[in-house]
Each structure stands twice: as structure tokens, then as C-alpha cells.
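Comments concern the structure below.
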């Protein structure tokens with residue numbers, strides 16, 4: 001497979017800017033703020049957790065099914081891009097529904113629909129990378145993808161809280177911005193990336209069964225992200241209850257921006273480190289750094305200190321995202337890349353879903369000792385335990401010698 005130029009790698013990965021902007025606006029900032037219009041304050045963590053858990057379960061079902069379908073799909077426009085276009089266009093319908101939802105039922109329908117349509121686009125898009133990128137450039141491509149995702153997170157943290165009315169939960173302005181960013185980013189990738197009509201990938205490069213190392217990679221990814229996602233999911237309520245900051249949506253955006261700062265410090269060299277020293281060594285460093293960041297954040301008692309420790313957390317997550325995804329692309333069979341990467345992303349969606357179930361536990365522990373906020377203490381401790389324990393599964397992964 002011919003090496004791609006830097007502009008080609010950038011064009012291929014631009015889609016992730018729009019995709020990441022969507023979900024980094026919605027999950028940590030928009031959805032928690034809107035829900036406060038419909039649920040009692042003492043039940044907010046529970047409702048947010050259960051709603052997003054159910055939505056992410058949908059993602060876990062849709063993504064590998066659509067990914068497998070795209071592996072065997074053939075058209076004059078290729079096997080991946082038609083799904084990307086359809087899923088992105090349908091996203092607009094459900095984003096509009098969220099913008100003008102008049103109650104909890106419409107909010108739920110819009111959110112569930114968005115999980116389905118977004119994953120119709122995402123699953124085949126993941127397969128486009130191993131279709132087009134040679135293995136010796138996987139680290140570089142993963143690094144560029146992560147940089148786009150982090151740029152989107154910066155934009156989300158700077159815009160989402162500021163374009164929302166925190167008093168009314170009106171998200172129509174930021175949702176309109178999401179639609180524009182998503183359409184532009186998708187168009188760059190779809191029209192800028194060549195994809196030849198492709199025959200079915202069945203029977204090429206083997207059996208289609210997940211080997212042991214790939215199973216360990218899924219487990220390692222899931223456990224690590226379970227620890228990180230829990231903190232992201234309930235950060236806004238932590239800032240509101242424990243630190244009692246003014247304008248929690250805006251402060252949440254600023255905190256996530258600090259995490260992104262740490263990500264950006266490490267992501268540019270993460271791909272190079274992965275290609276140079278191997279993904280496993282980088283992943284050990286990433287897990288250790290993330291565990292340290294979570295433990296330090298637990299001891300923070302004001303926003304400046306919390307922000308500094310968030311940078312450490314972000315640095316570890318940045319290394320992880322680059323090296324783990326590069327390893328997933330390397331281990332996935334080329335002919336069935338979308339299916340295998342969809343299965344790897346079961347760990348992503350699964351961890352995100354399970355993290356939401358921490359909501360009822362947080363509310364229960366907080367209610368058991370009012371004012372002590374034991375639920376949020378458990379949140380940080382559990383997160384650190386998960387990221388540290390993920391190194392056990394990492395040690396079991398066998399990387400091909402040529403990698």
C-alpha cells in the first residue's frame with residue numbers, strides 16, 4: 001500500500017473533527033444542562049446516567065453491525081463513504097429535534113436517534129483508515145485523528161457553555177453550530193478521499209474471528225476508558241455541588257479545555273513514539289500518567305488546582321488515544337477492518353455506557369452522608385483504579401514482530 005502524504009492524512013481524518021465536536025458538546029455540557037429543566041435536582045445524576053447508558057447501548061449494537069455491512073458493501077462510490085454521508089445527513093434531523101424538544105420524551109427520542117444515525121456514519125468511517133493507510137503510518141494517522149478530536153474538544157469547551165442559556169437550557173444556537181461543523185468536516189473527507197469501488201472483503205486475510213490479543217486490546221481499552229469517562233460524565237455536577245462554582249456549564253467547558261491542553265501537549269509526539277518504540281510501551285506510560293492525574297484531582301479543592309491536575313490527566317489520555325487506536329488498526333484484518341474496529345469501539349461505547357451507571361451510585365452515596373459528597377470521592381477513586389488495572393490486559397497483548 002502506497003504511503004499517504006500529510007495533506008492526504010489530514011483530509012482523511014477531518015471527519016473526526018465534526019464527529020468529536022458533536023459528542024463533546026452534547027454529553028458533558030448540553031445534555032446535563034437541558035435535563036435540569038425536566039428532572040429534580042436530587043435525581044439529576046441518576047437520570048443523566050440511565051439516559052446516556054441506554055443510548056450508548058444502542059451505539060454498541062449499531063456500530064459493529066453497520067461496520068460489518070460496509071466491509072462487504074460495493075458501490076461506484078466505494079464501500080465506506082455512502083454510509084458516512086447517509087448517517088451524517090440523518091444526524092441533522094435528530095439534532096434539530098434536540099434543539100426544539102418540548103419535553104423529556106422528545107429529548108429521549110432525539111438522543112436515541114442521534115446515537116443510531118451517528119454510528120451509521122462512524123462505523124464505516126473507521127474502516128476507511130486501514131483501507132487507505134499503510135501500517136507503517138498507523139501511528140501518524142492515529143495522531144492526526146486524535147489531534148482533530150482534541151481540536152474539536154477545544155472548540156466544544158469554548159463554545160458550548162457560552163452559546164447555551166444556562167438559566168433556560170436553550171441549546172438551539174450551539175446545536176446549529178454543531179450541524180455546520182459536522183457537515184463541513186464530513187464533506188472534506190468524503191470529497192477529498194479517494195475510494196475505489198470495492199468488492200466484498202469476505203475471505204480476504206482470513207477467518208474473521210477475533211484472536212486473543214484483540215480480545216485483550218478490547219478489554220484494556222474498555223477498562224481504561226471506563227475510568228476516564230466517569231469523571232467526564234459527571235464533572236458538571238461535581239463542580240456545582242462540591243466546588244460550588246458559578247455557571248457550571250461554562251466552568252465545565254473550561255475544565256475540559258485544560259484536559260485538552262494536556263492532550264495537545266502529548267498527542268503530536270504520541271504517534272511518533274508509537275511508530276518508533278511500539279504501542280505497548282506508550283500505553284504503559286499513558287495508563288500510569290492518567291492514574292496519577294485522577295488521584296491528584298481527587299485532592300483538589302479549588303478550580304485552579306483542579307485545572308492544573310486536569311492537564312496531567314489530559315496528557316495521559318492523549319497518549320492513550322493515539323497509541324491504542326494505532327494498535328487496534330494494526331491488529332485488525334484489512335478486509336474486515338470496519339467490523340473489527342467496530343468491535344474495538346464496543347469498548348469505547350461500553351465504557352461510556354457503564355460509566356453512566358455510576359450516576360445512581362453517586363446520588364446514593366451523596367444522600368447517605370449529606371454534605372460529605374462521598375459519591376464524588378468514589379468517582380475519582382474508581383476511575384484511578386480502572387486506568388491502573390487496565391495495564392494487566394495490556395501485558396497480555398501480543399504485538400506482531402513487524403510492528
Counted residues, segment 75-96 - those being surrounded by 16 or more Cβ atoms within 10 Å (Cβ to Cβ) and free of Cβ contacts under 8 Å to residues at least 60 places away in the same chain: 5
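To keep it simple, each residue is scored yes or no on (1) in a helix (DSSP H, G or I); (2) in contact (Cβ under 8 Å) with a residue 60 or more places away in the chain; (3) buried (at least 20 other Cβ atoms within 10 Å of the Cβ); (4) within 22 Å of the chain's Cα centre (by Cα).
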{"site": "282", "(1), (2), (3), (4)": "yes, no, yes, yes"}
{"site": "289", "(1), (2), (3), (4)": "yes, no, yes, yes"}
{"site": "294", "(1), (2), (3), (4)": "yes, yes, yes, yes"}
{"site": "301", "(1), (2), (3), (4)": "no, no, no, no"}
{"site": "304", "(1), (2), (3), (4)": "yes, no, no, no"}
{"site": "307", "(1), (2), (3), (4)": "yes, no, no, yes"}
{"site": "323", "(1), (2), (3), (4)": "yes, yes, yes, yes"}
{"site": "326", "(1), (2), (3), (4)": "yes, yes, yes, yes"}
{"site": "335", "(1), (2), (3), (4)": "yes, yes, yes, no"}
Enumeration of residues in segment 282-304 that are more than 12 Å from residue 228 (Cβ to Cβ) and modelled with pLDDT under 90: 298, 299, 300, 301, 302, 303, 304
Residue among 340, 380 that alone is surrounded by 17 or more Cβ atoms within 10 Å (Cβ to Cβ) and within 30 Å of residue 65 (Cβ to Cβ): 340
Of the criteria (1) crowded, with 23+ Cβ neighbours inside 10 Å; (2) over 17 Å from the mean Cα position of the chain (by Cα), which one residue 35 fails: (1)
Residue selected from segment 358-397 under the condition touching a residue at least 12 places away in the same chain (Cβ under 8 Å) and part of a loop (DSSP other than H, G, I, E, B), by the criterion nearest to residue 52 (Cα to Cα): 373
Test: residue in segment 51-74 that is touching a helix residue (DSSP H, G or I) at 6+ places or on another chain (Cβ under 6 Å) and without any contact (Cβ under 8 Å) to a residue 40 or more places away in the chain: no
Residue pairs meeting the criteria (Cβ under 9 Å; at least 6 apart or on separate chains; first on the phi < 0 side of the Ramachandran plot and in contact (Cβ under 8 Å) with a residue 60 or more places away in the chain, in segment 3-22; second surrounded by fewer than 18 Cβ atoms within 10 Å (Cβ to Cβ) and not in a helix (DSSP H, G or I)): 3/134; 4/134; 8/194
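Every residue, every condition in (1) without any contact (Cβ under 8 Å) to a residue 24 or more places away in the chain; (2) surrounded by fewer than 23 Cβ atoms within 10 Å (Cβ to Cβ), yes or no:
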site: 132; (1), (2): no, yes
site: 136; (1), (2): no, yes
site: 142; (1), (2): no, no
site: 146; (1), (2): no, no
site: 151; (1), (2): no, yes
site: 155; (1), (2): no, yes
site: 158; (1), (2): no, yes
site: 161; (1), (2): no, no
site: 173; (1), (2): yes, yes
Residue identified as within 22 Å of residue 154 (Cα to Cα) and assigned to a loop (DSSP other than H, G, I, E, B) among 311, 260, 267, 245: 245
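The values are calculated or read from the model by the stated rules, or taken from the named source; none is laboratory data. This structure is a prediction, so every number in the text was calculated from the model and none was measured. Every residue, glycine among them, receives a Cβ derived from its backbone with ideal geometry; neighbour counts consider all protein chains shown.
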